[in-house]
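Where a number appears in this text, it was derived from the coordinates with a stated rule and is not lab data. Remember, it's a predicted structure, so these values are computed and weren't measured experimentally. FYI the Cβ positions are ideal-geometry reconstructions off the backbone, even for glycines, and counts take in every protein chain you see.
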Amino acid sequence: MKWNYIFLFKLIIILIPLLAIIILIIFLTTFHIKYEEYNNGGQLIESLISKSITTPIGIALSKQLGGLLSVTVVAIIMTGIIGSICGPFLYGILKIFIYTIIKLYR
């Protein structure tokens with residue numbers, strides 16, 4: 001397979017600023033969550049703990065922990081939307097096809 005070095009160079013030029021932005025967003029989000037946790041007594045962290053489970057269970061867990069219910073619901077819904085958008089894309093990158101997944105469970 002012959003590599004197209006011009007395409008590879010253009011891809012690298014696009015990916016470097018993109019990765020820098022992603023790292024900056026992760027840093028700023030972490031800083032913001034820690035700042036909000038310090039000012040609000042930890043309610044934001046308690047609300048985001050249950051973002052990767054179903055909505056009714058997440059709401060019950062957030063109530064028990066003393067988190068903010070609206071933040072919990074938005075986090076659960078956004079996690080589901082992002083997962084459904086990024087999932088097929090990641091399957092394509094990792095060369096995982098639906099028939100491979102079906103074979104694993106049979």
Output the peptides 76-85, 50-59, 26-35 sorted from most to least packed, where packing is the average of other Cβ atoms within 10 Å over each peptide's residues. 50-59, 76-85, 26-35
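Please give the charge dipole size of the chain, origin at the Cα centre, charges +1 on K and R Cβ atoms and -1 on D and E Cβ atoms. Round to the nearest 20 debye. Intermediate results must be reported in sequence, preceding the final value.
Working: 8 positive and 3 negative charges, 129 e Å.
Charge dipole of the chain: 620 debye, to the nearest 20.
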Looking at the chain, how many pairs of lysines come closer than 19 Å at the Cα, when each pair is eight or more places apart or spans two chains? 4
CD proxy at 222 nm, helix term only [per DSSP H run n ≥ 4: -39500 (n - 2.57); per residue of the chain; nearest 500]: -27000 deg cm²/dmol
Simple SL model, points at 7 angstrom along Cα→Cβ for Tyr5 and Ile23; separation in nm is 2.6
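Which of rounded, prolate, oblate describes the chain, given a ≥ b ≥ c as roots of the alpha-carbon gyration tensor eigenvalues and a/c under 1.5 marking rounded, otherwise prolate only if a/b is larger than b/c?
On the way: a/c = 4.42, a/b = 1.47, b/c = 3.00.
Verdict is oblate for the chain.
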Counting only backbone N atoms under 15 Å from a point 7 Å out along Cα-to-Cβ of Glu36, the residues of segment 54-75 in range are 67-75
Using Cα pairs closer than 8 Å and at least 6 residues apart in sequence, work out the relative contact order for the chain, in percent. 16
For the chain, find the longest principal axis of its Cα atoms and tell me its angle to the long axis of helix 55-65, 0 to 90°, nearest 10. 50
In the chain, if the dipole is taken from +1 on Lys/Arg beta carbons and -1 on Asp/Glu beta carbons about the Cα centre, which of Ala75, Ile12, Pro56 is farthest to the positive end? Ile12
